[in-house]
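Inspection log for the structure reproduced underneath, given as structure tokens.
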Amino acid sequence: MMSDIETRKLDPDEMFAALSKKISDSGMDMDMGRIEAAYRMAKLAHTGQLRKDGSPYVTHCVAAADIAADMGLDEDSIVAALLHDVIEDTDLTHSDIAKQFGEPVANIVEGVTKLTRVQYTSKEDEQMENLRKMLMAMAKDIRVILIKIADRLHNMRTMAYQTEEKQRQKSLETMEIYAPIAHRLGMQRAKWELEDLALMYLDPTGYKEITDTLNDRMDTLKNFMSTVETKIKKRLKDEGLQVTVYSRIKHIYSIYRKMYAQKLDINGIFDLCAFRVIVDTIPDCYNVLGIIHDMFKPVPGRFKDYISTPKPNMYQSVHTTVIGSEGIPFEVQIRTWEMHRTAEYGIAAHWKYKIGSAAETIVKDGDEEKFAWVRRLLESQQESDATDFFHNLKIDMFADEVFVFSPKGDVINLPAGATPIDFAYSIHSAVGNSMIGASVNGRIVNFDYVLQNGDIVEVRTSKNAAGPSRDWLNIAKSGSARTKIKQWFKKERREENIERGRAMFESELKNKGLRMEDICDEEVLPQLLKKVSYTSLDEMYAAIGYGGMAATRAVNRMKDELARLHHVSGKKTVLEKVTEAAERREQQAHKKIKPVHGVLVEGLDNCLIKFSRCCTPIPGDDIVGYITRGQGVSIHRTDCENYARREFKPDDIGRWINVSWADEIKESYATAITVVSRERNGLVMDIATIFNALNTKVRTINARDTGDKSIVNITLETSGIDELRTVVNRISALPGVVEVNRNGGKR
Ligand code: MN
């Protein structure tokens with residue numbers, strides 16, 4: 001795994017000579033004088049600095065440049081790699097570099113320096129900020145991140161000299177940030193090595209278990225690989241195909257992941273080897289596939305065609321898993337030489353095989369499109385708040401993808417679990433915002449239909465569409481769709497958002513025992529607004545209303561700031577009063593209305609909750625909340641008539657809010673049902689007997705006769721929908737009963 005440069009005695013001049021030879025031998029047309037000048041500058045600048053192993057520091061710079069050369073980067077990149085640590089660690093500045101090597105090189109070095117200063121942290125919000133910085137740097141010049149990956153790779157290779165704590169920290173960072181970025185850039189080779197090195201430090205025991213086993217079995221594995229390889233070569237040659245066949249043992253981290261995902265001991269993993277067949281043309285790929293399937297028995301469900309549907313990082317190949325005569329399964333990847341280069345070096349392959357062309361090729365239209373995800377992430381982060389951005393990035397970067405088609409046959413890739421809503425927004429936000437329906441493979445589907453690979457998705461739009469609904473935020477899977485939906489609410493429904501946000505804020509304020517007067521005090525309001533970073537209360541309400549800020553957070557920050565102002569100014573009179581009054585009110589509130597648990601309200605903590613009388617929801621019902629004026633949130637069933645009629649009360653529509661049942665529900669809930677029966681004697685008695693037998697508590701039971709029918713209204717207490725169903729089934733089975741309905745539903 002280690003390149004030979006690492007194991008040799010570390011003499012920088014000798015290392016640089018080897019690098020120069022490598023570059024000349026590669027046939028890349030580079031100005032060797034300029035590269036040597038960069039080496040001299042770095043060597044001079046780092047004079048006296050040593051690495052942890054005792055070698056001169058500049059050996060690290062040469063090693064990073066060597067990796068950059070292996071990646072096939074251009075001349076400016078090699079120069080920048082040699083100088084990548086001078087701004088950080090020596091007296092040299094951006095302008096020193098610019099003067100001798102030009103602006104682009106100086107900018108790359110500065111970009112790398114910025115990334116170096118980004119300190120890894122396990123705190124989510126800080127990690128988010130770090131990733132954002134990286135993406136910014138990448139978007140400016142992708143070579144910055146490529147050199148950073150080369151730098152990291154060399155540091156990981158030489159990590160043995162660092163303290164244990166540093167090893168762990170750097171390995172975690174490598175696993176969580178650099179390997180995924182390398183993957184996204186299609187740099188399979190760098191990704192594998194980074195993962196294996198990081199694993200070695202993160203789980204030394206697990207790593208050793210695998211390497212030991214592989215070493216024990218090396219003879220068997222090698223035998224097996226050469227037998228199969230020879231077999232494949234011979235057969236393909238007989239068929240008249242010009243091919244190159246490789247075999248390899250899979251990289252350690254991929255075996256490790258498989259062991260954990262499938263909860264297997266390493267002895268349970270058969271699929272340790274992989275074979276690769278490289279051909280000249282795409283038709284040959286499929287010819288080879290046919291022949292392989294003829295030679296060995298294919299494992300069903302393991303064939304993947306990334307040639308017709310490339311991965312978002314440009315990766316193309318066909319994969320299949322087959323079983324050899326020994327009964328051992330193995331994977332075969334088939335690809336052309338061009339696909340092979342892209343797979344190994346990813347984006348870097350663009351320089352490697354466009355010798356002589358300027359680095360600007362990287363920003364040509366086609367390439368830019370392939371890295372659209374970087375741009376998308378940057379766009380989405382401008383509109384969303386910090387935690388959202390991190391969440392979106394994680395989803396967009398690490399989630400598995402699903403590929404679907406537009407009716408015209410364009411391939412659209414979306415995160416696994418994506419719905420027609422994600423599809424519509426990935427085409428354009430205007431398509432999403434005017435969507436009124438969707439069909440998949442010619443059939444109309446619900447908006448929450450989960451798209452499958454290969455689905456042909458068609459979106460129906462209308463100029464008169466009402467725009468997205470808030471439910472869509474729960475249905476959309478991709479970060480970018482959610483961001484676009486939120487943007488719509490932010491822009492299109494400002495008034496509604498303010499009203500809704502105000503209601504949520506007031507409710508939360510009340511819950512924390514504060515009053516609007518406490519907040520609106522002229523002396524404190526500007527400070528409080530500053531604390532939540534809004535210029536006016538309406539701005540803040542709007543943000544709460546569209547979901548950009550949680551009401552809980554706004555109130556908590558303001559409450560803390562109030563306490564702080566109190567502390568700092570010593571103005572006891574006003575603020576003491578506030579605090580005292582707040583405590584008093586809180587006590588009273590608790591006395592008056594017992595908080596009902598069991599329901600979670602989006603964006604609000606512990607707010608007052610009551611269950612509506614119109615539809616009496618119980619656990620198991622689909623529910624929705626309505627922010628009342630001053631009486632907390634009232635909970636309705638989603639099939640409640642009042643909820644169904646919300647469209648007719650546009651002023652109130654923003655008061656409807658997402659709620660859900662909590663996991664732990666201890667109490668019993670009141671609900672109402674109506675029994676309709678043929679008139680007969682003893683009906684009420686029979687019903688009462690059932691309740692008695694089921695040990696269900698009844699609050700009220702009223703019966704009336706309407707000529708030929710008896711109607712019985714019952715209010716009962718129940719733990720949830722399951723218990724209620726039993727009750728309803730038993731009553732329905734009574735003689736004469738025509739129907740049993742819950743009250744308040746649309747029917
Ligand atoms: Mn470095």
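The values are calculated or read from the model by the stated rules, or taken from the named source; none is laboratory data. Quick caveat: nothing in here was measured; it's all calculated off a predicted structure. For neighbour counting, all protein chains shown are included, and Cβ atoms are generated from backbone atoms with ideal geometry for every residue, glycine included. Just the protein is used for accessible areas: all its heavy atoms, side chains included, with ligands, DNA and RNA removed. Shrake-Rupley method; radii C 1.70, N 1.55, O 1.52, S 1.80 Å.
Of note:
- Filtering the stretch 28-67 to residues that are in contact (Cβ under 8 Å) with a residue 60 or more places away in the chain and open to solvent by 50 Å² or more (accessible area, probe 1.4 Å) leaves 29, 34, 52, 53.
- Meets criteria (open to solvent by less than 30 Å² (accessible area, probe 1.4 Å) and small (Gly, Ala, Ser)) for residue 179: yes
- Test: residue in the stretch 252-261 that is assigned to a loop (DSSP other than H, G, I, E, B), under 37 Å from the mean Cα position of the chain (by Cα) and modelled with pLDDT under 90: no
- Scan of the stretch 145-165 for residues that are within 14 Å of the ligand (Cβ to nearest atom) and either without any contact (Cβ under 8 Å) to a residue 24 or more places away in the chain or β-branched (Val, Ile, Thr) (or both), ordered by number: 145, 147, 149, 158
- Only listed residue being surrounded by 12 or more Cβ atoms within 10 Å (Cβ to Cβ) and in contact (Cβ under 8 Å) with a residue 40 or more places away in the chain, chosen from 660, 732, 710: 660
- Pairs are defined by a Cβ separation below 7 Å, a sequence spacing of at least 6 or placement on different chains, a first member in the stretch 79-101 that is within 16 Å of the ligand (Cβ to nearest atom), and a second member that is aromatic (Phe, Trp, Tyr); the pairs so defined are 79/101; 82/39.
- Search result, residues across the stretch 206-221 that are β-branched (Val, Ile, Thr) and either at pLDDT 90 or above or under 17 Å from residue 259 (Cβ atoms) (or both): 210, 211, 213
- Scanning the stretch 491-511 for residues that are touching a residue at least 60 places away in the same chain (Cβ under 8 Å) and among the charged types (D, E, K, R) turns up 493, 496, 499, 500, 506, 508, 510.
- Residue match in the stretch 687-694 (condition: in a loop (DSSP other than H, G, I, E, B) and small (Gly, Ala, Ser)): no
- Within the stretch 102-111, if we keep just the residues that are under 21 Å from residue 29 (Cβ atoms) and either more than 34 Å from the chain's Cα centre (by Cα) or open to solvent by 10 Å² or more (accessible area, probe 1.4 Å) (or both), the residue that is nearest to the ligand (Cβ to nearest atom) turns out to be 104.
- The stretch 671-694: number of residues that are open to solvent by less than 30 Å² (accessible area, probe 1.4 Å) and out of contact with any Gly (no Cβ under 6 Å at 6 or more places or on another chain): 10
- Residue in the stretch 646-661 that is among the β-branched types (Val, Ile, Thr), assigned to a loop (DSSP other than H, G, I, E, B) and at pLDDT 80 or above present: no
- Scanning the stretch 158-176 for residues that are of a type in the set (Asp, Glu) and open to solvent by 60 Å² or more (accessible area, probe 1.4 Å) gives 164, 165, 176.
- Number of the exception - residue 48 against (1) at pLDDT 95 or above; (2) away from the ligand (no atom under 14 Å from the Cβ): (1)
- Of all residues in the stretch 166-175 being more than 13 Å from the ligand (Cβ to nearest atom) and in contact (Cβ under 8 Å) with a residue 12 or more places away in the chain, the one that is nearest to residue 74 (Cα to Cα): 174
- Looking at 234, 191, just one residue is open to solvent by 60 Å² or more (accessible area, probe 1.4 Å) and out of contact with any strand residue (DSSP E or B) (no Cβ under 8 Å at 6 or more places or on another chain), and that residue is 234.
- Elements of type helices (runs of 4 or more DSSP H) contained in the stretch 4-83, each with 1 or more residues being closer than 26 Å to residue 98 by Cβ: 12-26, 32-45, 58-71, 75-82
- Some residue of the stretch 29-39 being at pLDDT 95 or above and within 16 Å of the ligand (Cβ to nearest atom): yes
- Residue in the stretch 700-707 that is open to solvent by 30 Å² or more (accessible area, probe 1.4 Å), in contact (Cβ under 8 Å) with a residue 60 or more places away in the chain and out of contact with any Asp or Glu (no Cβ under 9 Å at 6 or more places or on another chain) present: no
- Here 70, 74 are screened, and the one residue that is of a type outside the set (Ser, Thr, Tyr), more than 16 Å from the ligand (Cβ to nearest atom) and surrounded by 23 or more Cβ atoms within 10 Å (Cβ to Cβ) is 74.
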